[in-house]
1. Kindly indicate whether any position in the stretch 38-53 is over 23 Å from the mean Cα position of the chain (by Cα), part of a helix (DSSP H, G or I) and closer than 19 Å to residue 135 by Cα.
2. Residues 109, 146, 119, 154: which one is farther than 27 Å from residue 24 by Cα, modelled with pLDDT under 95 and surrounded by 15 or more Cβ atoms within 10 Å (Cβ to Cβ)?
3. For the stretch 135-157, which positions are under 17 Å from the mean Cα position of the chain (by Cα) and in contact (Cβ under 8 Å) with a residue 60 or more places away in the chain?
4. Looking only at residues that are buried (at least 17 other Cβ atoms within 10 Å of the Cβ) and touching a helix residue (DSSP H, G or I) at 6+ places or on another chain (Cβ under 6 Å) in the stretch 59-77, which one is farthest from residue 153 (Cα to Cα)?
5. Going through the stretch 54-72 one residue at a time, which ones are over 21 Å from the mean Cα position of the chain (by Cα) and either assigned to a helix (DSSP H, G or I) or at pLDDT 95 or above (or both)?
6. Is at least one residue of the stretch 171-189 over 24 Å from residue 14 (Cα atoms), under 21 Å from the mean Cα position of the chain (by Cα) and exposed (fewer than 15 other Cβ atoms within 10 Å of the Cβ)?
């Protein structure tokens, strides 16, 4: 059996092994697919209940709030949001993959900095964001099909909150790392 030190070694994200020049080649088709799905989601929500009504459902922590949010929706609106939830299973994987690629790529921009070590960690957090998208989408599917009782509204609202916090953390890491890389290049060229 390994020592405690062995068990504390972080598991490297697989994207860390992608050669520098290949990240763009992976990111471009993933970004195109994600944009197409985002466009489809936007059209479905707009032609369905609309963004304000959908946001009301997304942020409904209780059965009463969710029931109130769904009360004015037609069957067609519910069907469109069910389709959005299904599309979002794939969209979640795509945008989490883009975030993970961006985290790894940003960390590579400053190889001798402490930030470099965290690229893999934030890539894994991006994967967790995709994982949290699954129960959220399952909750939406249940709620639009009439199962508005707990735990579905709580699962959906909790997933959104945790996912948003993780998303902001990953985006902050990427932005901060890119700024540090840019400032180190500027200072080394001066």
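The values are calculated or read from the model by the stated rules, or taken from the named source; none is laboratory data. Note that the structure is predicted; figures quoted are calculated from it, not measured. Virtual Cβ from ideal backbone geometry, glycine too; neighbours counted across all protein chains shown.
1. Scanning the stretch 38-53 turns up no residue that is over 23 Å from the mean Cα position of the chain (by Cα), part of a helix (DSSP H, G or I) and closer than 19 Å to residue 135 by Cα.
2. Among 109, 146, 119, 154, only 154 is farther than 27 Å from residue 24 by Cα, modelled with pLDDT under 95 and surrounded by 15 or more Cβ atoms within 10 Å (Cβ to Cβ).
3. Here is the first cut: in the stretch 135-157, the ones under 17 Å from the mean Cα position of the chain (by Cα) are 135-140, 155-157.
Residues satisfying the conditions are 140, 156, 157.
4. Filtering first and then ranking leaves 69.
5. Matches in the stretch 54-72: 63, 64, 65, 66, 67, 68, 69, 70.
6. No, because not a single residue in the stretch 171-189 is over 24 Å from residue 14 (Cα atoms), under 21 Å from the mean Cα position of the chain (by Cα) and exposed (fewer than 15 other Cβ atoms within 10 Å of the Cβ).
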